[in-house]
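Here's the structure, in C-alpha cells; my notes come after.
The values are calculated or read from the model by the stated rules, or taken from the named source; none is laboratory data. As the structure is a prediction and not an experimental result, all values here were calculated from the model. Cβ atoms come from the backbone with ideal geometry, glycine included; neighbour counts cover every protein chain shown. These accessible areas exclude ligands, DNA and RNA; they are computed on the full protein's heavy atoms, side chains included. Shrake-Rupley method; radii C 1.70, N 1.55, O 1.52, S 1.80 Å.
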Amino acid sequence: MKLAIRVAVILTIALCILGGLFHGAGGDTAALRSTLVNAASRMTGGGGGAASAMTSSDGVVAGKMVNETAKAALGRSSWHLFHTTLARVPDRIEDQEGRKELEMWVRLFGKYYPCGECAAHFLKLLDKYPPQAGGRKAAALWGCRVHNEVNKRLGKGEYDCTTVLEDYDCGCGQTDPPSPGSSPGR
C-alpha cells in the first residue's frame, strides 16, 4: 500500500507540473486548476456527500472535464509525460516487483487522470491491452499502441511507433541507474 501512495503522490506532482506547463502556454488555468483540485479532493476523500467517494463505479477519481481547451491541453501534456516516462524505463526490467511498479504507475496514471471521461476510456484500454512492463522498448511501443487506440477513437491519425523512443528522448542523459562509483549523467 505504501507503494500505491508514493505513486499517487508522484502523479499528483506530475499533474501540478503539467498545470504549470499549461499556464505557460496561455491556457485557461482556472479551469485546469479546478479540475486538479477536484481530483485531489477526491483522492483524499474530501468534499462530502456522494462526490467524496474515492472512485466512481468505473474506477476513476475525477469527474467530467467540461472545458475543451483545458482538456485538449491536458491531453497533449499528459501524453508527452506518459511517453517520455515509458521511454526512460530501464532497457530490461528483470524483477517482478519492478514490473508491478511500472504497471501500477500506468494504472494509477489512468485512475487519477483529471478528466474522468478520458480516464474511464483509458482504463478500459488497459483491460484490453495490459501494460507491457518488461523494459523500455516493450513499454514505449505498448504506450504508443494505446495512444493510437485513443487517436482512432477520436478520429485522429495514427502515430508511427517506430520512432517513439527517439521522439520522446528527453535529453536527460543516461537511462539506466549509474553503477556504483560512477558519475550521474555519464
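Key figures for this structure:
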read-out	value
Inter-probe distance in nm under a simple model that places probes 7 Å from Cα toward Cβ, at Gln96 and Lys64	4.3 nm
In Å², nearest 10: area of Arg88 left accessible to a 1.4 Å probe	70 Å²
GluC sites (Glu not before Pro) lying in DSSP loop within the stretch 91-144, provided at most 16 other Cβ fall within 10 Å	Glu94
Distance between modelled label sites at Lys128 and Trp79, nm, 7 Å Cα→Cβ extension	1.6 nm
³J(HN,Hα), Karplus 6.51/-1.76/1.60, whole Hz, each residue of the stretch 100-112, x for Gly, Pro	5, 4, 5, 4, 5, 4, 4, 5, 6, 4, x, 4, 9
